[in-house]
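Step one of this worksheet: look at the structure below.
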Amino acid sequence: MKKIQSKSIVFITGAFVNHSCWDNWIGFFRSRGYTCTAPAWPGKNADAETLRSRHPDRTLASVTLEDVLNHYKAIVAELPERPILIGHSFGGLISQVLMNAGMAEAVVAVHAAPPKGVIPYEWEFLKSNTKALGYFTSADDTYLINFKSWQYVFTNDMSFDEQKKGYYSYAIPESKRAIRGGLSDAAAVDFRKPHVPLLFLAGTRDHCIPAHLCERVFKRYRDKSSVTEFKLKDRNHFVLGLPTWQEDAADVLAWLNKY
């Protein structure tokens with residue numbers, strides 16, 4: 001296997017949260033010699049408070065998964081080398097799609113949403129995500145996760161003060177069209193295709209993307225010549241903002257150095 005050469009990292013944010021969730025990770029990897037960027041999705045390049053004040057945001061509501069993918073493809077194409085992609089939740093799905101298109105040097109899928117073809121039946125996933133699809137509501141309005149849902153989906157088992165701080169720091173409106181795209185061909189990957197090193201991180205306490213679902217996606221990758229690894233930790237979906245974030249970032253760095 002060819003050794004990972006890239007020193008560029010693109011962090012890809014998931015749905016419902018602001019891209020500033022990567023700030024600590026960017027600082028960590030920059031101090032280790034990496035060039036890092038965490039671009040916002042189209043329509044989301046503002047702080048969380050500003051984005052919430054725009055809800056319902058018709059411009060953001062028009063954004064599709066194809067728009068988000070093309071946005072990241074353009075960013076990657078401008079880099080001097082193929083980057084390492086580190087994506088959380090829906091960003092982990094996006095990272096896999098870009099990898100499948102040959103646009104990554106390695107991928108770390110952190111509590112990643114499943115590509116098309118892996119049908120989620122886990123109750124926690126359905127409870128966490130069905131409302132965001134909004135099939136009985138207008139796609140011309142954005143979806144904003146409320147605090148009660150945030151407590152279940154992202155920050156279960158955390159103190160009320162920690163949950164509240166996380167919500168007002170990161171929760172933002174979301175395009176229902178983009179979320180629905182996760183069920184479309186735009187979210188498909190070829191699980192049989194040889195691929196660059198791919199690491200899945202999963203959390204035992206994650207309601208949004210349960211560990212069992214992450215493991216089912218991991219097992220779908222079938223090329224025996226490709227590196228595909230799975231690591232399980234005692235984490236909820238707020239993994240990027242937990243006090244253990246540096247431990248997780250260090251584990252990712254060690255994995256990258258391993259290859």
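Residues satisfying the criterion are present in the stretch 143-155 (criterion: closer than 15 Å to F90 by Cβ, assigned to a strand (DSSP E or B) and not charged (D, E, K, R)). Looking across the stretch 118-136, the residues that are modelled with pLDDT of 95 or more and assigned to a loop (DSSP other than H, G, I, E, B) come down to V118, I119, P120, Y121, E122. Would you mind stating whether K219 is touching a helix residue (DSSP H, G or I) at 6+ places or on another chain (Cβ under 7 Å), more than 24 Å from D23 (Cα to Cα) and not hydrophobic (A, V, I, L, M, F, W, C)? Here the answer is no, as K219 does not meet what is asked.
Within the stretch 143-164, can one find any residue that is out of contact with any Asp or Glu (no Cβ under 7 Å at 6 or more places or on another chain), more than 23 Å from V239 (Cα to Cα) and aliphatic (A, V, I, L, M)? No, the stretch 143-164 contains no residue that is out of contact with any Asp or Glu (no Cβ under 7 Å at 6 or more places or on another chain), more than 23 Å from V239 (Cα to Cα) and aliphatic (A, V, I, L, M).
Flag: D161 does not match the condition of being within 19 Å of the chain's Cα centre (by Cα), farther than 17 Å from F125 by Cα and surrounded by fewer than 18 Cβ atoms within 10 Å (Cβ to Cβ).
The conditions are (1) small (G, A, S); (2) assigned to a helix (DSSP H, G or I); (3) touching a strand residue (DSSP E or B) at 6+ places or on another chain (Cβ under 9 Å), and A186 fails exactly one of them. Which is it? Here A186 meets the rest and fails (3). For the stretch 202-246, the set of residues classified as without any contact (Cβ under 8 Å) to a residue 12 or more places away in the chain and loosely packed, with under 15 Cβ neighbours inside 10 Å consists of K219, K224, P243, T244, listed by residue number.
If the condition is being of a type in the set (S, T, N, Q) and assigned to a loop (DSSP other than H, G, I, E, B), then the stretch 88-117 contributes only S89. The criterion of at least 3 residues that are surrounded by fewer than 19 Cβ atoms within 10 Å (Cβ to Cβ) is met by the following helices (runs of 4 or more DSSP H) wholly inside the stretch 13-64: 23-30, 48-53. Taking first residues from the stretch 145-157 that are on the phi < 0 side of the Ramachandran plot and partners that are of a type in the set (D, E), the Cβ contacts under 7 Å between residues at least 6 apart in sequence or on separate chains come to T155/E162. Assess whether W255 counts as being aromatic (F, W, Y), in contact with a Leu (Cβ under 9 Å, 6 or more places away or on another chain), over 20 Å from V118 (Cα atoms) and touching a residue at least 24 places away in the same chain (Cβ under 8 Å). Against the criterion (aromatic (F, W, Y), in contact with a Leu (Cβ under 9 Å, 6 or more places away or on another chain), over 20 Å from V118 (Cα atoms) and touching a residue at least 24 places away in the same chain (Cβ under 8 Å)), W255 qualifies. Give the stretch 22-38 a look and list any residue that's free of Cβ contacts under 8 Å to residues at least 60 places away in the same chain and polar (S, T, N, Q), or say none. Residues satisfying the conditions are S31, T35, T37. Within the stretch 101-131, being buried (at least 21 other Cβ atoms within 10 Å of the Cβ), among the small types (G, A, S) and farther than 11 Å from G182 by Cα holds for A104, A106, A109, A112, S128. Could you list, in sequence order, the residues of the stretch 177-196 that are of a type outside the set (G, A, S), buried (at least 21 other Cβ atoms within 10 Å of the Cβ) and in contact with an Asp or Glu (Cβ under 8 Å, 6 or more places away or on another chain)? Answer for the stretch 177-196, where residues must be of a type outside the set (G, A, S), buried (at least 21 other Cβ atoms within 10 Å of the Cβ) and in contact with an Asp or Glu (Cβ under 8 Å, 6 or more places away or on another chain): H195, V196.
For the list (1) part of a helix (DSSP H, G or I); (2) surrounded by 18 or more Cβ atoms within 10 Å (Cβ to Cβ); (3) in contact (Cβ under 8 Å) with a residue 24 or more places away in the chain, I need the number of the one condition that Y167 fails. Single failed check for Y167: (3). Looking only at residues in the stretch 189-216 that are touching a helix residue (DSSP H, G or I) at 6+ places or on another chain (Cβ under 8 Å) and not in a loop (DSSP other than H, G, I, E, B), the one that is farthest from S128 (Cα to Cα) is L198.
The values are calculated or read from the model by the stated rules, or taken from the named source; none is laboratory data. Note that the coordinates shown come from a computational prediction; the quantities given were computed from them, not determined experimentally. We place every Cβ from the backbone using ideal geometry, glycine too, and count neighbours over all the protein chains shown.
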